[in-house]
Amino acid sequence: SQYFGIALTNHRFDELARDTEAMLRAKGASSAGIESASATIRERSRLFFSSLPETTAAQPGRMEFTDRADFLEAHGDSYLGAINALVRLESELERVRDVEEAAGLRKRAADIRAHLKFLLESTDPNTVFWIERRAASNLRNTARNARETSAQPIFQALTTHLQATPIDVSQLLAETLFANYSSVILTSATLTVADSEGKPSFEHLKKRLGVPFPKELVVPSHFDYAKQALLYLPQFLPPPRHPDFLAHAAEKIRRVLEITRGRAFCLFTSYSQMRELHDRLLTQVPFPLLLQGQAPRHLLLQQFRETPNAVLFGTSSFWQGIDVQGEQLSCVIVDKLPFAVPSDPITKARTDAIAAAGGNAFNDLQIPQAVIALKQGFGRLIRSLTDRGVLMLLDSRIRTTRYGATFLDSLPPYRRTDDITEVERFFEGK
């Protein structure tokens, strides 16, 4: 979806203007026309992005951009101003001779113009258009070591993202990938979701990717999950939406971190819940607590690896693509089953499409996606044959709902318990 989608930000315009000025000045090829066109790019892009609809309360977040025609009716001048500024820069760069970089800059301007036109004018029914205002960290002290940097307050600025995402990628993949190769191998540790009989199934993936008749193989893991990992599902926790959930969750996390002596990832499905539980535990846990947003991800990971008994609080970007082997990561705690937010523009467009086709979006999309996400999050723990550790899920729905069985059947064969003393014995080597 990301590959076939289109994304445009206000920074991309600024970077084009900055690079044009810097490169041509360095080559002695700048001109009054180039300088003026670059300045116009900055000015017109700011006018355009400032005219886009605001997200709720002007806070960071996503919203579907459904009223593009109305927007063009009301703000067509700002849109055409940005388009014309790009055309002018392309024209000025066309006149620059004997500077190799000019052609690359001209192509960048043309690509931005094409993307902007698609984002505002396309009527493709298989595309959802949306806006996101995202906090961008401005770290002024990156030269300091990771521990100093993570302790510094970070200035948060908003970056506006204008996005187009395909609702269904199956036809795109059929045309661009599967039709062009006699054989394609798709492999990952998190491709299957348990079927109604509790057996691993590729059905969800086959539908999403449009793979009609593949040869399938589920390969047993070389990890001994029953010995290496313990899945702790604490009893007597209220549902995640209950007003007492956070207090109970904080107590469960505190108790487990005492046993594991820190050395944990606490993974969350929302920033607000992550910050709330971090703040609650800050004075209750005698270990270094690292919080996503205090520093860039790579610096937080570096600090986690280098700080004994550290605990890292993170959201979606820490659920996958992270590899910390050894005792430094001995526990992974997940707050809730990672269902996508129903109001998210992409999720909403896909659930609407499934419903329009007569399907059940919760069973056909939301449950399988959440299962795969949970497998990815828990997968941070066991990364080698010698890793050992505890997984804890604080969402009681995995035991109280019918769909909870799908999650449990889809997970690796961890040893399970609801008894905290079992967690203690596990770390005592019993």
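Bear in mind these aren't lab numbers, they're just calculated from the coordinates by the rules spelled out. Just so it is clear, the structure is predicted and the values come from calculations on it, not from any experiment. Neighbour counts run over all protein chains shown; Cβ positions are idealised from the backbone, glycine included.
Here the sum of -39500 (n - 2.57) over DSSP H runs of 4 or more residues, divided by the residues of the chain, equals -13500 deg cm²/dmol at 222 nm, to the nearest 500.
Note on region 264-347: the alpha carbon radius of gyration divided by the globular reference 2.2 N^0.38 Å gives 1.11. Along its first, second and third principal axes, ordered by size, region 205-260 spans 49, 31, 15 Å in Cα coordinates. For residue 266, the residues whose modelled amide H falls within less than 5 Å of its own, excluding neighbours fewer than 5 places apart on the same chain, are 312, 313, 314, 333. A Förster radius of 41 Å, combined with the Cβ-Cβ distance separating residue 70 from residue 416, puts the computed FRET efficiency at roughly 0.20.
Helix 10-26 axis versus longest C-alpha principal axis of the chain: approximately 60°, rounded to the nearest ten.
Counting only DSSP beta bridges whose two residues both lie in the chain, roughly 50 percent are antiparallel. Computing FRET efficiency as 1/(1 + (r/R0)^6) for residue 305 and residue 35, where r is the C-beta to C-beta distance and R0 is 60 Å, gives about 0.80. Remark: the chain projects, on average over all directions, an area of 24.9 nm² (convex hull of Cα atoms). For the pair residue 54 and residue 103, a Förster radius of 60 Å applied to the C-beta separation gives a FRET efficiency near 0.95, rounded to the nearest 0.05. For region 327-430, with the dipole built from +1 on Lys and Arg beta-carbon atoms and -1 on Asp and Glu ones, taken about the Cα centre, which of 357, 347, 417 lies farthest toward the positive end? Working it through, the farthest residue towards the positive pole turns out to be 357. Just so you know, the Rg over Rh for region 249-406 is 1.01, from Cα atoms, with Rh as the Kirkwood radius.
Starting from the Cα of residue 215, draw a straight line to each of the lysines and keep only those under 29 Å, dropping any in the same chain fewer than 8 residues away. Candidates past the 8-residue exclusion: 199, 206, 207, 375. Taking every alpha-carbon pair in region 203-335 and binning the separations at 5 Å intervals from zero gives 2, 8, 17, 19, 17, 12, 10, 7, 5, 2, 0, 0 percent.
Here the scattering of region 1-130 is modelled by Debye summation over its C-alpha atoms, one equal scatterer each and no solvent; at q = 0.20 Å⁻¹ the log10 of I(q)/I(0) is -1.14.
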